[in-house]
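Q: Take a look at this one; I'll ask things after.
Throughout, read-outs are computed from the coordinates displayed, never taken from laboratory work. On a predicted model such as this, the values are computed, not experimentally measured, just so you know. Cβ placement follows ideal geometry from the backbone for every residue including glycine, while neighbour counts extend to all protein chains displayed.
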Amino acid sequence: MEYSKEFKAALSQLSSVEKDRLIFRLLRKDEILSKKLYFELIDEETVDQKRDAMEELIKEKVEYASKYISNQKYFIVLIRKISAQITEHVKVTTDKFGDISLNLLLINEILESNEKLSRQRFNDVYKLYLYIINKIVKALALTKKLDEDYWMEIDEYLSVAHEKITANIYLEKLFINNGIDFNWLNIERIPDHFDLIIKDIKNQGFLK
């Protein structure tokens, strides 16, 4: 949303007391904005420290969730809650690297349970597998826009993901059937026009 010059001028004319009231009213209605301002103005923890804490949280919560793999509906609910926490972390800290690394870590931790997953009926794990594929695709798209200084670290996550995905026959086949080339799990091999390729794949009815 763009603000007119008149609107900006009107805001600038508000008294300090009125501005404070307005700010606190907005903060009460927007928890993310409140946390973001707290992080930027007061919080002594750095982005790296918060990312490290998120990594531990992801490992801990996925380990707990893995107890419910046989109940796929509940398992996915738990995984989506973890994903929501990652999203909140990214919004609060503007952690572009973490947006990729934490989501890839989430996938890799889920696939630590490959043995349990392989014992489930394919129809039961289909939604989870499609969720994983879309997470990987999004991570690849974001990686192309990330500073190259981070590529080596992201490649490590992708390498682990590649190994775990190809160790799961049905997940591997679903990747292939949805048009995802495993060569792309190496940053230097992600096509320059990756977004267009994925758009075309989705237009053909895949990744859904």
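Q: Specify which residue in the list Gly205, Ile32, Asn178 is farthest towards the positive end of the charge dipole of the chain, using unit charges on the beta carbon of Lys, Arg (+1) and Asp, Glu (-1), about the Cα centre.
A: So the residue furthest toward the plus end is Gly205.
Q: Continuing with the same structure: Rounded to the nearest 20 debye, what is the charge dipole size of the stretch 45-203 about its Cα centre when +1 sits on each Lys and Arg Cβ and -1 on each Asp and Glu Cβ?
A: 1100 debye
Q: Counting pairs of alpha carbon atoms under 8 Å apart in space and at least six apart in sequence, what relative contact order in percent does the chain give?
A: Taking the mean separation of contacting Cα pairs over the length of the chain, I get 18 percent.
Q: Along Cα→Cβ, 7 Å out, is where each label goes; now give me the distance between the ones at Glu156 and Glu60 in nm to one decimal.
A: 2.2 nm
Q: Take each uninterrupted DSSP H stretch in the chain, measure its Cα extent along the helix axis, and return the ones at 18 Å or beyond whose mean Kyte-Doolittle hydropathy is at least 0.0.
A: TM-like helix candidates: 72-93, 96-110, 122-143.
Q: Give me the number: length gained by fully extending Lys202 to Ile176, i.e. 0.36 nm times residue separation minus the C-alpha to C-alpha distance, one decimal in nm.
A: Here the segment from Lys202 to Ile176 would lengthen by 8.0 nm.
Q: Mean residue ellipticity at 222 nm from the helices of the chain, using -39,500 (n - 2.57) per DSSP H segment of n ≥ 4 over the full residue count, to the nearest 500 deg cm²/dmol?
A: Counting only the DSSP helices, I get -23500 deg cm²/dmol.
Q: Residues of the stretch 85-110 with the amide nitrogen closer than 18 Å to a label point 7 Å from the Cα of Leu37, along Cα-to-Cβ, please.
A: Only 91-94 fall inside the zone, counting backbone N under 18 Å.
Q: For the pair Asp195 and Ala53, how long in nm is the line joining their label points, each one 7 Å along Cα→Cβ?
A: Distance between the two pseudo-spin positions: 3.3 nm.
Q: Positive end of the dipole of the chain, charges at C-beta (+1 Lys, Arg; -1 Asp, Glu), about the Cα centre: which of Ile133, Thr46, Val90 has its Cα farthest in that direction?
A: Of the candidates, Ile133 comes out farthest on the positive side.
Q: At a Förster radius of 41 Å, what calculated FRET efficiency corresponds to the Cβ-Cβ distance of Leu130 and Lys5, to the nearest 0.05?
A: Once rounded, the FRET efficiency stands at 0.30.
Q: May I ask which of Lys96/Lys199; Lys73/Lys116; Lys67/Lys144; Lys29/Lys208; Lys81/Lys138 have a Cα-Cα span longer than 26 Å here?
A: Lys67/Lys144; Lys29/Lys208
Q: Which distance in nm do the two modelled labels at Glu88 and Glu188 give, with both placed 7 Å along the Cα-to-Cβ direction?
A: A separation of 4.0 nm, rounded to one decimal place.
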